[in-house]
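The structure under discussion appears below in the form of structure tokens.
The values are calculated or read from the model by the stated rules, or taken from the named source; none is laboratory data. Predicted model only: the values in this text are computed from it and were never measured. Every residue, glycine as well, gets a Cβ built from its backbone with ideal geometry; the counts of neighbours run over all protein chains shown. For the accessible areas, the whole protein counts, side chains as well, though only heavy atoms, and no ligand, DNA or RNA atoms are used. Shrake-Rupley method; radii C 1.70, N 1.55, O 1.52, S 1.80 Å.
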Amino acid sequence: MLKTAKVVGLNSDQEVALALVNKPLSIPATEQSRVEPGLYLLVLASLDDAFTRTRLALSEAEDVFYSSELGISERINETVQTIKKSLVDSENTQILVAATESDSAGKNVLYLMVVGDRMNADLYRGEDLIRLNDVGSGEQLISGFLEQGDRVTLSTASFKEVLGDELRSLKNMPVDIWESSITDFLPPGTVNPLAAIIIEEEVPTQEPELPIVGISGQDLRKQSSLGNIFFRPAVPKLNLSIKPLLRSGKLYRYLIAIAIVLIGVGGYYLYTHKFPNQQSSKFNDYLNQANLEYQQALNQKDSDQRGAIKNLSLAKQSVAGALKIKPQDSAATNLQKQIDGSSAEILKIWQISDLPVWLDLSLVKQDMQAVNMSLSLGDLLILDQKEGTLASINLDSKSHQILAGSDKLGQAKLVTINGQNGFVYSQNKGVIRVDLQSGDLSTVIAPDTDWGQIADIYGFGGNIYLLDKNKNQIWKYIAITDGYSDKRNYLNEGVSADFSQSIRMQIDASIWVLNSSGTILKFTQGNQDQFTLNGLDKPLSNPQSFFVSDKTNNVYILDNGNNRIVVVDKNGNYVAQYQSDRLGVFTDLVVDEENKKIYLLSGSKIYQIELKT
């Protein structure tokens, strides 16, 4: 039987040493029980948000190990690779992965893999000390049988450095008090990223052999370690004649029956005592971890939102793990309610109860309606596609003017504004430039037979960009002295993109493209950048539009399917969200971060909400 203990020092935000211990666990089943291998992990990492990142890496590694159907060696290698991938940006990551598994004869086998030179694995066998690090090299897997009385110490190098000579006094210390004793040696309140695990092959207590014949119940009570539970005081002496039983075969049947009973009693004892104790210990670990992660999430919600979101997610996982073991436990259910109740505060989920109308477009022109709008330097440009009316609106004064009608714009479909110039994409007239001050109009780009389906237009830095979803290309027209250049491919040679689901395009220093599926593509200088949405509580559903510009720090997504506006930073990390049952009807939005306003368009009205982030 294996006995284990672990100790972890005080970690910092930048450097952390963590340990994970999962002892071998018997899992009862209807027909045949199985034993899960023991798993022991040590990780030393240096990176930002070190504790949360490393804790999550250990959790993911644990899941990989126990969900794998491969052999123990392959599972250990998978576990190491999972930790490496999770902590890829850590400096000089140190990893130790060990596992124990019983062979067919019931002997425990230790498997070990070490990554780095700051991990130690020592085997104490009698008076001998075997440094297991010296047995293998690099990331080589080593294994061997554990003998009764063996003690294996797995530790970070810092563990030995801090304890120094005190380690000698801990060599033979009972496992039950090992953790508390080591803690006493550590300087209180001092940051010491260290961790250690001890695994000991317990020497079993020898039971006296009991004779089969000629014993009384009184004698049996004295000799049996089971005590007098199964016996009454007055039991007559049993005198069994063996030979007749041997000849009849009854003795063998008796022995088999007794063996079955003993196995059943032993199995029942393990199921009702050992298994619940292990489950109770694991339950407490989950619950304590959930409490710690939940408190960290509350503490970080205003200073480190990414850390708060990660810890909130970890807390939900941990409390779910506790409830899986004890579904009716009041402490776990109450903690889950607290976590759920605080999620909106931590995730910055703002409920919008009031959506005031900022401007009714009928004041600009009777029955005017729009689907899209564009913002630049405090002015909005609005196009009524059905009537072919183009109008501008000033955000500060709400003053407005009609710039052109269908007679000049033709089959106008899309608009964009860049400084004092507005641009209209017209299916039959090409791209028309409108001077917002003078009202002058001119066709600057003629219709092109190479165009496929133009999904959006954007003006930036004096240039014009057209998103072509059929040709999977972004056409770029550069401003020159007497107009605009011929079209150029914005995407560099060899860069391919799928714009078949693209619906909107925005530009700051990069080009952003929103797909109807909820993905966002980002391109810089003609090459695609890595961009993914991180930390959302649920994926986007039927997004209609988004807004990002060189005047914003964040990206704002109109997520109609979930009745919300999602805010992420320009690295894709979740920032906040605004929720309202009415947010599912809007077709476009623009954001003025400087004045903390969000403007939403729905048909003939523009609404306004306060920006809280």
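Things worth noting here:
- Local net charge near LEU141, Cβ-Cβ under 14 Å (Lys/Arg +1, Asp/Glu -1): -3
- Residues whose amide H comes within less than 5 Å of that of ASN372, counting only those at least five positions distant or on another chain, are LEU383 (H built at 1.01 Å from N in the peptide plane).
- A simple rule links phi to the HN-Hα coupling: the Karplus curve 6.51 cos²θ - 1.76 cosθ + 1.60 with θ = phi - 60°, which for region 341-350 gives x, 9, 4, 4, 5, 6, 7, 6, 9, 9 Hz, with x for Gly and Pro.
- Computed with a 1.4 Å probe on the full set of protein chains, the accessible area for GLU78 sits at about 70 Å².
- Separation of the GLU60 and SER280 label points, Cα + 7 Å toward Cβ, nm: 3.5 nm
- Residues whose amide H falls under 5 Å from that of GLY144, counting only those 5 or more places apart or on a different chain, are LEU110, with hydrogens built in the peptide plane.
- Labels on offer are (i) 1.04; (ii) 1.09; (iii) 1.17, and the one holding Rg/Rh (Cα atoms, Kirkwood Rh) computed from this structure is (iii).
- For SER90, nonlocal amide neighbours, meaning residues 5 or more places apart or on other chains whose placed amide H falls under 5 Å from its own, do not occur.
- Computed on protein heavy atoms with a 1.4 Å probe, the accessible areas place THR93, THR389, THR449 in the order THR449, THR93, THR389, largest first.
- Label zone at ASN534 (point 7 Å along Cα-to-Cβ), backbone N below 18 Å, region 309-339: 309-315
- Between ASP498 and THR190, the C-beta separation translates, for a Förster distance of 51 Å, into a calculated FRET efficiency of about 0.40.
- Estimated at 0.36 nm per residue, the fully extended path between ASP48 and ASP360 surpasses their Cα-Cα distance by 107.5 nm.
- Pairs of Cα atoms nearer than 8 Å and 6+ residues apart set the relative contact order; for region 512-613 it is 18 percent.
- The chain, accessible area per residue, ligands and nucleic acids excluded (1.4 Å, Å²): 51 Å²
- Cut-off of 10 Å, at most 14 other beta carbons, DSSP loop: longest stretch of the chain lacking such trypsin sites (Lys or Arg not before Pro): 399-550
- Residues listed by number, region 529-573, amide nitrogen under 11 Å from ILE349 label point at 7 Å toward C-beta: 537-538
- Cβ-derived FRET efficiency at R0 30 Å, LYS597 paired with GLN525, nearest 0.05: 0.40
- Taking region 377-397 and a reference point 7 angstrom along Cα→Cβ of GLN411, the backbone N atoms nearer than 19 Å belong to 383-390.
- Solvent-accessible area of the chain (1.4 angstrom probe, protein heavy atoms only): carbon and sulfur portion equals 48 percent.
- Region 378-467 - percent relative contact order, Cα under 8 Å, separation 6 or more: 18 percent
- For ILE445, solvent-accessible area (1.4 Å; no DNA, RNA or ligand), Å²: 10 Å²
- Gain on full stretching of the segment that runs from ASP103 to GLN81 - 0.36 nm per residue minus C-alpha separation: 5.3 nm
- Measuring between alpha carbons in the structure, the pairs from LYS3/LYS337; LYS282/LYS337; LYS282/LYS310; LYS85/LYS337; LYS6/LYS310 lying more than 29 angstrom apart are LYS3/LYS337; LYS85/LYS337.
- Extension gain from SER517 to ASP448, taking 0.36 nm per residue of separation minus the Cα-Cα distance: 22.0 nm
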